[in-house]
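The next block holds one structure in the form of structure tokens; read it before the comments.
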Amino acid sequence: MTDQEVDDESPTARWLLKEHGPFLSASVTAKVLGFKSTDALRQARCRQLLPVPMFPLEGRRGWFASTTAVAAWVEHTLESSTRNWHSPDEEG
């Protein structure tokens, strides 16, 4: 599995797909990725600093992200942070 792929059975992917379908709007994407506003997301997109691709959809206004790509980023970020976290009880 690559960084941008996620198992549809992951809790994050299941929840996002159930709540939002296959595409996330810019406002939902901003919230999930932790941006303070959609304007902050827009600025990061224009600067090509987003961890997931965004794209326009024909017949729809605005920019969208793939739900599974966003879920994959969330899962990857969570795995990385828990792998690098050390309990205060651990030495090292």
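Just a few scattered comments:
- Summing Cβ point charges (Lys, Arg +1; Asp, Glu -1) relative to the Cα centre of the stretch 18-72 gives a dipole of roughly 120 debye.
- Packing rank of 67-74, 78-85, 38-45, where each peptide gets the mean count of other beta carbons within 10 Å, highest leading: 67-74, 38-45, 78-85
- Distance (nanometres) between label positions extended 7 Å along Cα→Cβ at residue 20 and residue 36: 2.1 nm
- Residue 82-residue 27 pseudo-label distance in nm [points 7 Å out on the Cα-to-Cβ vector]: 3.1 nm
- Taken over the stretch 11-84, the ratio of Cα radius of gyration to 2.2 N^0.38 Å equals 1.09.
Rule-based calculations on the coordinates, nothing more; no lab input. All figures in this text were calculated on a predicted structure; none of them were measured in a lab. Cβ sites come from the backbone with ideal geometry, for glycine too, and all protein chains shown count toward neighbours.
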